[in-house]
1. Would you be able to tell me the number of residues in segment 71-82 that are open to solvent by 50 Å² or more (accessible area, probe 1.4 Å) and either modelled with pLDDT of 70 or more or outside any loop (DSSP other than H, G, I, E, B) (or both)?
2. Could you give every pair whose Cβ atoms fall below 9 Å, whose first residue belongs to segment 47-70 and is surrounded by 10 or more Cβ atoms within 10 Å (Cβ to Cβ) and among the acidic types (Asp, Glu), and whose second residue is outside any loop (DSSP other than H, G, I, E, B) and modelled with pLDDT of 85 or more, counting only separations of at least 6 or pairs across chains?
3. Among the numbered criteria (1) at pLDDT below 90; (2) open to solvent by 100 Å² or more (accessible area, probe 1.4 Å); (3) more than 12 Å from the chain's Cα centre (by Cα), which one does Leu18 miss?
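The values are calculated or read from the model by the stated rules, or taken from the named source; none is laboratory data. This is a predicted model, so every value here is computed, not measured. Positions of Cβ are generated from backbone atoms using ideal geometry, with glycine treated the same way; all protein chains shown enter the neighbour counts. Remember, those area values only see protein heavy atoms, side chains included, never the ligands or the DNA or RNA. Shrake-Rupley method; radii C 1.70, N 1.55, O 1.52, S 1.80 Å.
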Amino acid sequence: AAKNFLEEKLNRPKKLKLLFRASENNFSAAEFHKKCNNIDKTFTLVKTDFGKIIGGFNDYAWNSNGNYISDIGRKSFLLSFS
């Protein structure tokens, strides 16, 4: 069910590419932005310190300039697999 939901919401992507893994980059926000800024249509998965799996899809490009936008197209979403 979760796989079908993600495929539908992500428009059945042909290929996914890992851009950033926090544990391999010392959990650095600067490294995250170095690798992910200006990239749109990203899916993020996080395993919390409590063992929960959460994530979300962002249709807009990441940035670190402090300018934030609202999702007027309502394409972004959050989810939990716990």
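1. If we filter segment 71-82 for residues that are open to solvent by 50 Å² or more (accessible area, probe 1.4 Å), which is where we start, we get 72, 74-75, 78, 80-82.
Then keep just the ones that are either modelled with pLDDT of 70 or more or outside any loop (DSSP other than H, G, I, E, B) (or both); that gives 75, 78, 80-81.
Result for segment 71-82: 4.
2. Asp59/Thr42
3. (3)
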